[in-house]
Amino acid sequence: MKRALYFIMIITAVSLTSCGGDNTESSNDTVEAPKELKGYEELDLNQWGFQMSIMVPAAEQNGEAEVVLTERGALEITVGSAYGIEIMYGEGDIDLLKMDLKEDLVFSSEIVKEDEKFIIYKQDIPDSGVKTQNHFFYRAQIGSDVYEVRDLIDGNYGAGMIEKMLESVNTLKEKKQAKVEA
């Protein structure tokens, strides 16, 4: 059963990421100054090729952040078992995601909360006995670049964990790497 669920999740992820569209609208979103989150610390992502930083759960209480740059260009950040996000370049098309959720043949999806920058949703496979999965998708614009940020697909996060990760993702800000004098 676990293999079947994992296979279904992979198929869903592939179908969500393979759908493209001509999104020619431009956005003038600005990144708000990140607020200070209690129990969080700044993580500089420059060493992985992303000129930004994000507030993640503090290592002292949760363990060190594990950061992996995947072969497909996504940056996966995990801290303990309650925090796991993925950042990648993309269009950040929330409307396309909502359409995909509505047309999904395997999962029954419900949008819990949405805004112009994010969507929180939960998914079930009706009458399967599979636990409800909570997810989020966030559109971040830093400079002229658009990033898609979401929870890790193989994570098992409660609704409260998703809210905390979304608060963290809202702290994404541009951070250029300091030039080293030769």
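The values are calculated or read from the model by the stated rules, or taken from the named source; none is laboratory data. Computed from a predicted model, the values in this text were never measured in an experiment. Methodologically, a virtual Cβ is constructed for each residue, glycine included, from the backbone with ideal geometry; neighbour enumeration extends over all protein chains shown. In case anyone asks, the SASA skips ligands and DNA or RNA and just uses the protein heavy atoms, side chains included. Shrake-Rupley method; radii C 1.70, N 1.55, O 1.52, S 1.80 Å.
The table that follows gives values for the structure above.
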{"item": "Test: Ile77 is open to solvent by less than 60 Å² (accessible area, probe 1.4 Å), among the hydrophobic types (A, V, I, L, M, F, W, C), at pLDDT 95 or above and touching a strand residue (DSSP E or B) at 6+ places or on another chain (Cβ under 7 Å)", "result": "yes"}
{"item": "Conditions (1) open to solvent by 80 Å² or more (accessible area, probe 1.4 Å); (2) in contact with a Gly (Cβ under 9 Å, 6 or more places away or on another chain); (3) at pLDDT below 95: number failed by Arg72", "result": "(2)"}
{"item": "Candidate set from segment 50-69 (those that are closer than 20 Å to Gly92 by Cα and part of a loop (DSSP other than H, G, I, E, B)); member that is least open to solvent (accessible area, probe 1.4 Å)", "result": "Phe50"}
{"item": "Selected residue (criterion: farthest from Lys173 (Cα to Cα)) from residues of segment 80-100 that are open to solvent by 30 Å² or more (accessible area, probe 1.4 Å) and among the aliphatic types (A, V, I, L, M)", "result": "Met99"}
